[in-house]
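The values are calculated or read from the model by the stated rules, or taken from the named source; none is laboratory data. Since we're looking at a predicted model, the values are computed, not measured. Don't worry about glycine lacking a Cβ; one is built from the backbone with ideal geometry, like all the others, and counts go over all protein chains shown.
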Amino acid sequence: MSELPAIRSLRDGAALAIRADDLDLKTELAQETARRWSERRLSLRSPLDATVPDRPGRPEKPELIPPRQVAKRALTTERGRIALMHAIAHIELNAVDLALDIVARFVTEPVPNSFFDGWMRVAFEEAKHFRMVRDRLRQMGADYGDLPAHDGLWQAAHDTRNDLTTRLAVVPLILEARGLDVTPALQAKMRDVGDHDSAAVLDVIYQDEKGHVAVGAKWFRFLCAREKRDPAKAFQALVRANFRGPLKAPFNDIARAEAGLTPSFYRSMTASVNS
Ligand SMILES: [Fe+2]
Ligand SMILES: [Fe+2]
């Protein structure tokens, strides 16, 4: 790994990490910036900060292909389990950049510093998740980059780059909440086929992701309160205007509610979005 560049501020560290195409460097920059920010060793921004890139840095591999072309394989074979963990590694990598982009792009928003505390904790944990899943892939004789991956994950960031409330509706409250819905069944399948190591990795992710949805719900409610909007109604209006396709049931109502995302937000949205 190349040496860490100088980190001039919170925004600079986040922007440098998003830019990095070396994934060891990206995850280390994300975690080091989070550490220094939490110890109050960084200012929010400085005049010399790196600019926030429109697209995150990526290695040459994996090849990025349209989502429909990503092959699905049964988890009963090791090849299938590798394909699943590879897809999860790709999601976690995008999650690192998404959390950092909330910080770097919206650093001038009038929000308390605890807003950035929350998102840097998320970025730190996403970097941890990516590394854990990558380590598991390596134990299985594979690596991130071996398989093609889907190229649509950054689209949500791009589409919501101009409005923080919309960003929070789409990224943590739709995409990350979806992770809470699907992960328990994947864990159970991994255990059924005897892959307890992969199940254990998914368990860490699942527990942390509840916290990520909670950070999203907390700040979504904060922004709505400031604008005197009803959060559930605001969520529904933003989803209709900005999200392609309906929300997919079944929902993990218990985990969602623990994170502050109550059914009043999403229950009526299952079939009516952009239809
Ligand atoms: Fe994650
Ligand atoms: Fe997350």
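The single condition among (1) more than 18 Å from LEU75 (Cα to Cα); (2) out of contact with any Asp or Glu (no Cβ under 9 Å at 6 or more places or on another chain); (3) within 16 Å of ligand 2 (Cβ to nearest atom); (4) not acidic (Asp, Glu) that LYS210 does not meet is (2). Comparison of VAL70, VAL122, VAL96 shows that the only residue that is surrounded by 15 or more Cβ atoms within 10 Å (Cβ to Cβ), more than 15 Å from ligand 1 (Cβ to nearest atom) and either at pLDDT 95 or above or of a type in the set (A, V, I, L, M, F, W, C) (or both) is VAL70. You will find that of THR51, THR33, the residue that is among the β-branched types (Val, Ile, Thr) and in a helix (DSSP H, G or I) is THR33 and no other. Do we find a residue being under 15 Å from the mean Cα position of the chain (by Cα) and surrounded by 20 or more Cβ atoms within 10 Å (Cβ to Cβ) anywhere in region 186-201? Within region 186-201 (the criterion being under 15 Å from the mean Cα position of the chain (by Cα) and surrounded by 20 or more Cβ atoms within 10 Å (Cβ to Cβ)), the answer is no, since none of the residues qualifies.
Can you tell me how many residues in region 72-114 are assigned to a loop (DSSP other than H, G, I, E, B), touching a helix residue (DSSP H, G or I) at 6+ places or on another chain (Cβ under 7 Å) and either without any contact (Cβ under 8 Å) to a residue 24 or more places away in the chain or more than 23 Å from SER38 (Cβ to Cβ) (or both)? So the count comes out to 3. Within region 256-267, the set of residues being touching a helix residue (DSSP H, G or I) at 6+ places or on another chain (Cβ under 7 Å), more than 17 Å from VAL182 (Cβ to Cβ) and not in a loop (DSSP other than H, G, I, E, B) comprises PRO263, SER264, PHE265.
Taken over region 232-255, the criterion of being within 16 Å of ligand 1 (Cβ to nearest atom) and either part of a helix (DSSP H, G or I) or surrounded by fewer than 14 Cβ atoms within 10 Å (Cβ to Cβ) (or both) is satisfied by ALA255 alone.
So if I check each of GLU63, GLU32, which one is surrounded by fewer than 19 Cβ atoms within 10 Å (Cβ to Cβ) and either in contact with a His (Cβ under 8 Å, 6 or more places away or on another chain) or within 21 Å of ALA157 (Cα to Cα) (or both)? That would be GLU63, the only listed residue that is surrounded by fewer than 19 Cβ atoms within 10 Å (Cβ to Cβ) and either in contact with a His (Cβ under 8 Å, 6 or more places away or on another chain) or within 21 Å of ALA157 (Cα to Cα) (or both). Here region 11-27 is the region considered, the condition is being among the acidic types (Asp, Glu) and touching a Pro at 6+ places or on another chain (Cβ under 8 Å), and the residue that is surrounded by the most Cβ atoms within 10 Å (Cβ to Cβ) is ASP22. Contact map, region 207-224: residues that are within 15 Å of VAL111 (Cβ to Cβ) and among the basic types (Lys, Arg) paired with residues that are within 14 Å of ligand 2 (Cβ to nearest atom) and assigned to a helix (DSSP H, G or I), Cβ distance under 9 Å, separation 6+ or inter-chain. Pairs shown: LYS218/GLY118. Would it be correct to say that GLU109 is among the acidic types (Asp, Glu), in contact with an Asp or Glu (Cβ under 7 Å, 6 or more places away or on another chain) and over 13 Å from PRO56 (Cβ atoms)? No: the conditions fail for GLU109.
Here LYS189 fulfils each of the conditions (1) touching a residue at least 60 places away in the same chain (Cβ under 8 Å); (2) among the basic types (Lys, Arg); (3) within 16 Å of ligand 1 (Cβ to nearest atom) apart from (3). Restricting the first member to region 23-46 and to residues that are closer than 18 Å to VAL96 by Cβ, and the second to residues that are of a type in the set (S, T, N, Q) and surrounded by fewer than 18 Cβ atoms within 10 Å (Cβ to Cβ), the beta-carbon pairs closer than 7 Å and six or more apart or on different chains are LEU25/SER2.
For ALA149, state whether it is surrounded by 19 or more Cβ atoms within 10 Å (Cβ to Cβ), farther than 15 Å from LEU100 by Cα and in contact with a helix residue (DSSP H, G or I) (Cβ under 6 Å, 6 or more places away or on another chain). Taking the combined requirement at face value, the residue satisfies it. Here region 208-231 is the region considered, the condition is being among the charged types (D, E, K, R) and within 13 Å of ligand 1 (Cβ to nearest atom), and the residue that is surrounded by the fewest Cβ atoms within 10 Å (Cβ to Cβ) is ASP208.
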